[in-house]
Amino acid sequence: MMKRTTIFRILTLLYLGAVALLCFANFNSLPDVQKTFLGIPMDKLVHFLMFLPFPVLAYWSLRLKRNSAIKTILVLVAIFAVGCLIAWGTEFVQSKLPYREMDLMDFRADRIGLACGCMLTFFIQLFSRHKADA
C-alpha cells in the first residue's frame with residue numbers, strides 16, 4: 001500500500017504538469033468565454049484557483065511529524081516562497097512565448113491563491129491535530 005506522502009507527491013507532480021499546460025499552451029483557437037465572474041476578470045480567477053491547491057499538496061507531500069503551530073507556519077512560509085517562484089517562473093516563460101504575455105496582475109492573483117491555500121492548509125492541520133488530541 002502506498003504511503004500518504006507518496007500519493008501526495010504524485011498528485012503534486014500531476015498538478016504541476018496541469019499548471020504548466022494551462023500556463024504555456026496556446027488557447028487562442030478556443031472560443032471566447034465570459035470575461036468576468038462577479039466583476040472579477042476571469043483570467044485572474046483562473047490564476048487564483050490554479051495556485052490555491054499548491055500549498056495543500058506540497059505540505060502533505062512532506063514527511064512531517066506532528067508539528068507545532070510555529071513549525072507549520074514556517075513550513076508554509078517556505079511553501080509560499082516556492083509557490084511564488086513557480087508563479088513568477090510561469091510569467092517569465094510566458095513573456096518569452098510569442099502567443100502569451102507576462103501579466104503582473106496574474107502573478108498577484110497567483111500569490112493571493114497561494115496565501116489562501118496556505119491559510120487553508122494551516123487550519124486543516126490545526127483542526128486535524130485538535131481532533132487527534134481529543
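The values are calculated or read from the model by the stated rules, or taken from the named source; none is laboratory data. All figures in this text were calculated on a predicted structure; none of them were measured in a lab. Backbone-built Cβ (ideal geometry, glycine too); neighbour counts: all protein chains shown.
The single condition from (1) at pLDDT 85 or above; (2) part of a loop (DSSP other than H, G, I, E, B) that Glu91 fails is (2). Could you identify the single residue in Met42, Met2 that is at pLDDT below 85, under 19 Å from Arg111 (Cβ atoms), exposed (fewer than 13 other Cβ atoms within 10 Å of the Cβ) and of a type outside the set (Ser, Thr, Tyr)? Within the list Met42, Met2, the selection yields Met42. The single condition among (1) in contact (Cβ under 8 Å) with a residue 40 or more places away in the chain; (2) outside any helix (DSSP H, G or I); (3) in contact with a helix residue (DSSP H, G or I) (Cβ under 7 Å, 6 or more places away or on another chain) that Met102 does not satisfy is (1).
Taking the conditions (1) at pLDDT 95 or above; (2) over 19 Å from Leu11 (Cα atoms); (3) surrounded by 12 or more Cβ atoms within 10 Å (Cβ to Cβ); (4) not acidic (Asp, Glu) in turn, Ala81 satisfies each one other than (3).
Taken residue by residue, region 46-64 has at least one member that is modelled with pLDDT under 90, in a helix (DSSP H, G or I) and surrounded by 12 or more Cβ atoms within 10 Å (Cβ to Cβ).
Being in contact with a strand residue (DSSP E or B) (Cβ under 9 Å, 6 or more places away or on another chain) and assigned to a helix (DSSP H, G or I), is that true of even one residue in region 111-118? No: zero hits.
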